[in-house]
2 protein chains.
Amino acid sequence: MSNAEQAHWTDDAELDAIPPLRDEDDRLNRDWIDQIVDLIAMKDENEVARYMAPLHASDVGDVLEAISPADRFELISLLGELFDYSALTEVDDAVRLELMELLPNTDIARGVQELDSDDAVYILEDIQGEDREEILDALPTFERLALKRSLDFPEETAGRRMQTEFIAIPPFWTVGQTIDYMREADDLPDDFHQIYVVDPSYNLLGTLALDRMLRAKRPAVIKDIMNSTIIEVEAEEDQEEAARVFERYDLVEVAVVDETRRLVGVLTVDDIVDVIQEEAGEDIKRLAGVGNEEISGNVWNAVRSRLTWLGVNLVTAILASLVIGMFDATIQQMVALAVLMPIVASMGGNAGTQTMTVAVRALSTRELDSYNVRRLITREFLVGVVNGVVFAIVIGLVASIWFASPLLGLVIGAAMVINMIAAGLSGILIPLALDKLKIDPAIASSAFVTTVTDVVGFMAFLYIAALAFNLF
Amino acid sequence: MSNAEQAHWTDDAELDAIPPLRDEDDRLNRDWIDQIVDLIAMKDENEVARYMAPLHASDVGDVLEAISPADRFELISLLGELFDYSALTEVDDAVRLELMELLPNTDIARGVQELDSDDAVYILEDIQGEDREEILDALPTFERLALKRSLDFPEETAGRRMQTEFIAIPPFWTVGQTIDYMREADDLPDDFHQIYVVDPSYNLLGTLALDRMLRAKRPAVIKDIMNSTIIEVEAEEDQEEAARVFERYDLVEVAVVDETRRLVGVLTVDDIVDVIQEEAGEDIKRLAGVGNEEISGNVWNAVRSRLTWLGVNLVTAILASLVIGMFDATIQQMVALAVLMPIVASMGGNAGTQTMTVAVRALSTRELDSYNVRRLITREFLVGVVNGVVFAIVIGLVASIWFASPLLGLVIGAAMVINMIAAGLSGILIPLALDKLKIDPAIASSAFVTTVTDVVGFMAFLYIAALAFNLF
């Protein structure tokens, strides 16, 4: 877009006012979206630019997600060089992948070049094969090599998430020299919060937060004012581990080093905030047996992400049915048992899920360790006893009255206590065992716990009933 | 501790080496903990200090959580003035409250005074009544007033989490003046990442990131280089809303303003990281019907946090039993129905939970809005159809062979398809309805969804069976 055109839409006082992008609930404003969709349909380049220009990249991302796939591509085309590719780091994977397919590789290369390396990697990592090569080849050598190095680290590691732009200085510089260097250098990162002090082979000697530097006088020597407690993250380390380091030490930036301890990049807290959200979301979904699906995924993505878990659940449900089948003669003589048996299993399943959720969350935030594990097992056993007794009394009374049989009330009460204890113990022991076996407890616990509570629930209830009423 | 003593433990080369605090899995090292427990038992002040001094506050918090309640109090007493009270912001609420009970109010007042106001508020907010007054009275006037103001904001708001230490300057200052001011002022916050530009009545005019200031020349005027896109959070706003602002705009600090838009504090990203973890944990626990419990809570806390949900579940389980009870004559004639019926209900419950989890998470991260909701409802319906058909075929074959009755296979298959569709639709529609009614979908969805899938599951299966086999 030429300057003349730009002047046109910024200076013209007669232009209509743009409605606010978000309503008071912080959701996108329907008017705004309707208007941009109309403008896209009319291919009104100037008005589209006037609407989009003030937006932050993440707002642009939200707008892209709110409009149709065809409009997304059209909007980016209309914006041309005004489109900031970092908006693509703010949209769902499905939306980004689809756009990447549509956009010409040369445009992507141009857009990616303007980004900090962490954002560039985020966009490129999902592009495979020839397309990725073509885009990388269109980049200047320095950027290409930096991106290739990041892309060589495994997914979800610190190396993948790091930004390769950072400021590294020798320890013998003064504050004055450093400030002068920063005033003159033109390839500085977009935002930075600390400076890295390194030896000639780029080994980290210390860090210097900007506020410390600003408070020091110009002649002060860096090595005297730097923080020499070194906190660093290895490039091969999992991003979740890196996030824990941030949380533990309240960091805004951390150094990333390679296997020879050379400084290769920095992780910034905004990426870590995304990692924390992502990992928390993964835990929630895994507990419910949902793969890493997004709401923008299509039917097929969703079916696939859920089939495995439903398949596992079918096996455990059939297992529970086999238990019931062992007592078919008993049930035939007393249909009330068939009516009541799901209650025992369902209460156990819920109690087990409660304990399991607490345990899985504590394992994933590393709150659960060998110092509190014994206490926690005892606690969950006792919680099972207490809740078991409470609900045994309630359901015992209900069943006695409903079927006019105090003995049936006693039977279901006893089964309830047994199953609630089984629920508490399996809810804590199964996640612990999976964690010891290095299996993610969030993924697998639920299936095992509900198998235990179903089998124990049906078995205890039907067996005690058969004994009590002599119905073998 | 005197300097002489300090010299003793830092200079003595014959002292035993301290083992590493953490093992390679990042968990506390048992040797380290055993040794500190022994040192506490021996009341060896110097050695305790030598072990504890190098630790970051959050490591101190982890150590406190790993040792017994009696040892915790003894450890803090042995450390005396060396104990950094910010460690208390890193422990579970239960541990902190118990310590607050034991520690003298004068010690707490002294410890709290050294902290940034956000940490001080975090510690004081759980202390009630006289104790809180006593501690506040022991503080210097300025600190007391700042803390009181923060404590006046409701819990879990930006005002509660904010830090009242920040740097505010007028727009007409130069970079040089600002740097000189920072070099001389001695009441600066511990860490800061940007400077706030305000008018005489403390209305925010803009912000200046430290890296921008460092790159500017001394004579540059602040108002020319400041960022005048104002992003601010209201003090009364929920901390979760504030966290969303951080995520959206990739911030490290944000201004907090009161109802007259005066700057009253700043929120920093380290607190926001904690908020995000906390809120994600709350979502996970609420979905499983667990209150806001911690693993350090006792049996009674845990029982209480889970009773409500189990009570609700009991009601829904009885409801399902009533449905089964309507078909007792049918079951009596064909016990196979009792054996198979839990499978249909259980598969529906799981499929419903999957959909519900995706919906709840998307609502809580604000990914779900009026632009994708219709598409999502259609998707979940179709997922229900596809998964329903897939598992109808599998369970239909299993049931046909198990009970040598192809008709029974057809019956259970039909019931499965119906229940999977009910699961998909209730899994999305119930959270949406609750959200519209301003009820947290994470808390209440699960009970409603499983009621639907239980009732529909048992009803569809038994009714179709009764029809097919003419068993009324």
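The values are calculated or read from the model by the stated rules, or taken from the named source; none is laboratory data. Since this is a predicted model, take the numbers as computed values, not measurements. Cβ placement follows ideal geometry from the backbone for every residue including glycine, while neighbour counts extend to all protein chains displayed.
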Query raised in the report: Just one of the numbered conditions (1) within 13 Å of another protein chain (Cβ to nearest Cβ); (2) within 26 Å of B:L307 (Cβ to Cβ); (3) under 28 Å from the mean Cα position of the chain (by Cα); (4) not aliphatic (A, V, I, L, M) is not true of B:D454; which one?
Result: (3)
Report summary line: Taking the stretch B:119-168 and keeping residues charged (D, E, K, R) and under 24 Å from B:L188 (Cβ atoms) leaves B:D119, B:E143, B:R144, B:K148, B:R149, B:R160, B:R161, B:E165
Requested in this report: Quick one: which residue in A:L139, A:L145 is in the same structural domain as A:H56 (by TED's automatic domain parsing) and in a loop (DSSP other than H, G, I, E, B)?
Outcome: A:L139
Query raised in the report: Say we look at the stretch A:148-167 and pick out the residues that are of a type in the set (A, V, I, L, M, F, W, C) and not in a helix (DSSP H, G or I); which of these is nearest to A:M213 (Cα to Cα)?
Result: A:I167
Query raised in the report: Could you count how many residues in the stretch B:92-115 are within 18 Å of B:T141 (Cβ to Cβ) and assigned to a loop (DSSP other than H, G, I, E, B)?
Result: 2
Query raised in the report: Looking at (1) within 25 Å of B:G61 (Cα to Cα); (2) in a helix (DSSP H, G or I), can you tell me which one A:K223 breaks?
Result: (1)
Requested in this report: State yes or no: is B:E5 farther than 23 Å from B:F73 by Cα and modelled with pLDDT under 85?
Outcome: no
Query raised in the report: With respect to B:A345, is the statement that it is more than 8 Å from chain A (Cβ to nearest Cβ) and among the hydrophobic types (A, V, I, L, M, F, W, C) true?
Result: no
Query raised in the report: Would you say B:D369 is part of a helix (DSSP H, G or I), acidic (D, E) and under 30 Å from the mean Cα position of the chain (by Cα)?
Result: no
Query raised in the report: Out of the stretch B:25-54, which residues are in a loop (DSSP other than H, G, I, E, B) and within 11 Å of chain A (Cβ to nearest Cβ)?
Result: B:D25, B:D26, B:R27, B:N29, B:P54
Query raised in the report: Which condition breaks for B:Y181 when tested against (1) without any contact (Cβ under 8 Å) to a residue 24 or more places away in the chain; (2) within 20 Å of B:V245 (Cβ to Cβ)?
Result: (2)
Query raised in the report: Before we move on, is A:I439 in the same structural domain as A:A317 (by TED's automatic domain parsing) and part of a helix (DSSP H, G or I)?
Result: no
Report task. Looking at (1) part of a helix (DSSP H, G or I); (2) out of contact with any Asp or Glu (no Cβ under 7 Å at 6 or more places or on another chain); (3) at the interface with chain B (Cβ under 7 Å from one of its Cβ atoms), find the lone condition where A:V358 falls short. Result -> (2)
**Report entry** the stretch A:308-338: number of residues that are facing chain B (nearest Cβ under 7 Å) and without any contact (Cβ under 8 Å) to a residue 40 or more places away in the chain
**Finding:** 9
Query raised in the report: Going by the conditions given, is B:A422 more than 8 Å from chain A (Cβ to nearest Cβ), under 34 Å from the mean Cα position of the chain (by Cα), in a helix (DSSP H, G or I) and aliphatic (A, V, I, L, M)?
Result: yes
Requested in this report: Scan the stretch A:277-291 for residues that are under 9 Å from the mean Cα position of the chain (by Cα) and either surrounded by fewer than 21 Cβ atoms within 10 Å (Cβ to Cβ) or touching a residue at least 40 places away in the same chain (Cβ under 8 Å) (or both) and jot them down.
Outcome: A:Q277, A:E278, A:E279, A:E282, A:D283
Query raised in the report: Residues in the stretch A:168-191 that are part of a loop (DSSP other than H, G, I, E, B) and in contact with a Phe, Trp or Tyr (Cβ under 7 Å, 6 or more places away or on another chain): how many?
Result: 1
**Report entry** Checklist (1) in contact with a strand residue (DSSP E or B) (Cβ under 7 Å, 6 or more places away or on another chain); (2) closer than 20 Å to B:E90 by Cα applied to B:R262, failing item
**Finding:** (2)
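Quick grid of which residues meet (1) at pLDDT 95 or above; (2) charged (D, E, K, R):
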position: A:E367; (1), (2): no, yes
position: A:S370; (1), (2): no, no
position: A:R374; (1), (2): no, yes
position: A:I377; (1), (2): no, no
position: A:A422; (1), (2): yes, no
position: A:K438; (1), (2): no, yes
Query - Any hit, the stretch B:378-387, residues being without any contact (Cβ under 8 Å) to a residue 60 or more places away in the chain, surrounded by fewer than 24 Cβ atoms within 10 Å (Cβ to Cβ) and out of contact with any helix residue (DSSP H, G or I) (no Cβ under 8 Å at 6 or more places or on another chain) - result: yes
Report task. Tally the residues that are modelled with pLDDT under 90, touching an Asp or Glu at 6+ places or on another chain (Cβ under 8 Å) and surrounded by fewer than 15 Cβ atoms within 10 Å (Cβ to Cβ), restricting the search to the stretch A:157-189. Result -> 1
Query raised in the report: What about B:A216, is it farther than 26 Å from B:L124 by Cβ, over 33 Å from the mean Cα position of the chain (by Cα) and of a type outside the set (S, T, N, Q)?
Result: yes
Report task. Determine which member of the set B:L407, B:L397 is farther than 30 Å from A:V63 by Cβ and touching a residue at least 60 places away in the same chain (Cβ under 8 Å). Result -> B:L407
Requested in this report: Read through the list (1) assigned to a helix (DSSP H, G or I); (2) surrounded by fewer than 24 Cβ atoms within 10 Å (Cβ to Cβ); (3) facing another protein chain (nearest Cβ under 8 Å), then give the number of the only condition that A:L363 fails.
Outcome: (3)
**Report entry** Residue tally, condition outside any loop (DSSP other than H, G, I, E, B) and under 30 Å from A:T178 (Cα atoms), over the stretch B:195-220
**Finding:** 15
Query raised in the report: When you look at B:V449, is it closer than 18 Å to B:T353 by Cβ and surrounded by 24 or more Cβ atoms within 10 Å (Cβ to Cβ), yes or no?
Result: yes
Query raised in the report: Just checking, which of A:G111, A:G80, A:G61 is of a type outside the set (D, E, K, R) and under 21 Å from the mean Cα position of the chain (by Cα)?
Result: A:G61
Query - Complete set of residues in the stretch B:173-223 that are out of contact with any strand residue (DSSP E or B) (no Cβ under 6 Å at 6 or more places or on another chain), of a type in the set (G, A, S) and more than 10 Å from chain A (Cβ to nearest Cβ) - result: B:G176, B:S201, B:A220
